[in-house]
């Protein structure tokens, strides 16, 4: 039996035996699954009643994690990772059960975050456009979720809720907090402040966070070390709530900005086009602004609650590169300075409405949710640049045969409409509960070929893509007892064809290849089966899930279709991949007071994630599926002057299943990391948190950050290792 399967069997056996013994307990302890979750059904419900594999990360957990970025938020979450580019561009986005990128929906206060985009070596737009300091909760739903959230929820959804005035105040009055932190892993400092005023009818919140840091530390076996970098990130939020007798109006403004300057030394004398590079400097900036107005009304006609939100969001990414090249005849005839610029802008307007209703019929309670969403997105992209001959001073806007500026796809408008309903009702007087859901989506890509696009692509027409999708889900829960339940769920997901694949237009004469649009792309689809068992006991909380997801019509971008009649190599995005991902996830928290009341402060938390993924079209492993991970943490609550203490171990299995058909990719070995976290509250207003990560100073690799790294990579694969031993300290004051 593989060691990962043995560990899972032991974990499940411990949960089962502890569940049997916990049922006999009499003294209640704090329960891990107490709380409310929204993401599973789009209505607030107790976590013990929700089905599906989900996580709720509240403000208290975010503080204790000292989360500096989105990767810290999910550091210990089973089946959830954050992908990254370790050379220049940093964090990309979330990976849930091996599905990543824009195939995972990310929403902040109901507003979808802008899509990521990647083209070439000098442009990579990620989705790390938020600051944990402004967040109240993060909810993650694993697996297909399009029946509730539409396109992009092919692999799951991350739902983020920011702080409200009521989160910082107790009743009427003022409240707030200030926090300052340092982290040695990137020599960063962060300061944040949030203040709120809550009156009888009006509430106001203002919050701001600033973080400045440098390159992330690593443990390379030889030079070079991390590329020197300086980063500045800031986030601001303002909210105004107006409360009536049965209604509330909430106005929100949010802004995020980041700037990173990097000396990319790892590409000096690098592979391919970087062979003659002597210096590479990068300046990457991004901005995002959001405004929304949300109206919530209780008891509106036959409905218990109606919430309507109108929103606007704009984002801009500017990535500039300076590349100094030496002469290397005959291929490179003169020394030169290349200046490149990449610009991506996205604007979004939308409106969403959700209604909730609770009914009584046959002596049973039924819960209903109805909703509709309408989004309109505009996208504009441009690449520009010039090359200067350092021997003659002559400059040209032609690089690698491209006459810049160019657009890789025409200016596009994306329109989407979705309407859904979900319900929960008991089957007669039995313990069975049915949870159906159904959603209809209609979406379109409407491109406009402006003068710049036409100049670069003469004679090429742009295409409009339209389609619709009906997406169901069906869940069945059996309430074993008041505190235990089991469920089975069938769910579908889909993703509309991306604008960048439908109408991509790229021509590189120097390499004699062309990338063609494809108007016949079909939506990607996923179908998932999940079986779970959860319990909320006196001393033990647990949640176990087994899943099997199938994916069809997955779009593979820029596939080599061979050489045409003119000798040009043709690339095009196509629906080619069929895949499946299946596995097991388990999580539990056990209070030691089960055996002795003197052990009441102590608890054990564990989680395990095992997944296996296959490309069914080519019968090869999926490289996006992450290795098995087991997390165990011993916790001691603050008591009798002692601080809160958490000692954790994260064991990650070696990568053994890898697709090397296109490149000799590096497969990292397994590792175990030990972390220690302490927290102490003083005089009820001051709090200090200290964390030491990677106590053993272990050299390790995060597989989610190794995109394209080969065994003979330059720089050496050890350059891509994670940070060694590091510390983080946060001091906070609340009022």
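The values are calculated or read from the model by the stated rules, or taken from the named source; none is laboratory data. Owing to the predicted nature of the structure, the values given are computational and were not obtained by experimental measurement. Methodologically, a virtual Cβ is constructed for each residue, glycine included, from the backbone with ideal geometry; neighbour enumeration extends over all protein chains shown.
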For the list (1) out of contact with any helix residue (DSSP H, G or I) (no Cβ under 7 Å at 6 or more places or on another chain); (2) free of Cβ contacts under 8 Å to residues at least 60 places away in the same chain, I need the number of the one condition that residue 429 fails. (2)
Subset of the range 573-599, residues touching a residue at least 12 places away in the same chain (Cβ under 8 Å) and touching a helix residue (DSSP H, G or I) at 6+ places or on another chain (Cβ under 7 Å), comes to 573, 584, 586, 588, 590, 592, 593, 594
Residue list for the range 134-166, restricted to those being touching a helix residue (DSSP H, G or I) at 6+ places or on another chain (Cβ under 7 Å) and within 17 Å of residue 203 (Cα to Cα): 136, 162, 163
For the range 506-529, does any single residue satisfy the condition of being surrounded by 21 or more Cβ atoms within 10 Å (Cβ to Cβ), closer than 30 Å to residue 35 by Cβ, under 27 Å from the mean Cα position of the chain (by Cα) and touching a residue at least 60 places away in the same chain (Cβ under 8 Å)? yes
Among the residues of the range 573-594, is there at least one that is surrounded by fewer than 20 Cβ atoms within 10 Å (Cβ to Cβ), assigned to a loop (DSSP other than H, G, I, E, B) and in contact with a strand residue (DSSP E or B) (Cβ under 9 Å, 6 or more places away or on another chain)? no
Within the range 484-499, count every residue that is in contact with a helix residue (DSSP H, G or I) (Cβ under 8 Å, 6 or more places away or on another chain) and assigned to a strand (DSSP E or B). 6
When you go through (1) surrounded by fewer than 17 Cβ atoms within 10 Å (Cβ to Cβ); (2) touching a helix residue (DSSP H, G or I) at 6+ places or on another chain (Cβ under 9 Å); (3) in a loop (DSSP other than H, G, I, E, B) one by one for residue 204, which number turns out not to apply? (3)
Right, residue 100: under 22 Å from residue 626 (Cβ atoms), modelled with pLDDT under 95 and within 16 Å of the chain's Cα centre (by Cα) or not? yes
Kindly establish whether residue 397 is in contact with a strand residue (DSSP E or B) (Cβ under 7 Å, 6 or more places away or on another chain), exposed (fewer than 15 other Cβ atoms within 10 Å of the Cβ) and free of Cβ contacts under 8 Å to residues at least 24 places away in the same chain. yes
Please verify whether residue 724 is surrounded by fewer than 15 Cβ atoms within 10 Å (Cβ to Cβ), in contact (Cβ under 8 Å) with a residue 24 or more places away in the chain and in a loop (DSSP other than H, G, I, E, B), treating the condition exactly as stated. no
Just to be sure, is residue 409 at pLDDT below 90 and either in contact with a helix residue (DSSP H, G or I) (Cβ under 7 Å, 6 or more places away or on another chain) or assigned to a strand (DSSP E or B) (or both)? yes
Scan 154, 168, 148, 134 and give me the residue that is free of Cβ contacts under 8 Å to residues at least 40 places away in the same chain and buried (at least 21 other Cβ atoms within 10 Å of the Cβ). 168
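So that you can scan it fast, the table gives a plain yes or no per residue for (1) part of a strand (DSSP E or B); (2) modelled with pLDDT of 95 or more:
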residue: 627; (1), (2): no, yes
residue: 631; (1), (2): yes, yes
residue: 634; (1), (2): yes, yes
residue: 646; (1), (2): yes, yes
residue: 672; (1), (2): yes, yes
residue: 677; (1), (2): yes, yes
residue: 681; (1), (2): yes, no
For the list (1) in contact with a strand residue (DSSP E or B) (Cβ under 7 Å, 6 or more places away or on another chain); (2) over 30 Å from residue 98 (Cβ atoms); (3) surrounded by 17 or more Cβ atoms within 10 Å (Cβ to Cβ), I need the number of the one condition that residue 538 fails. (1)
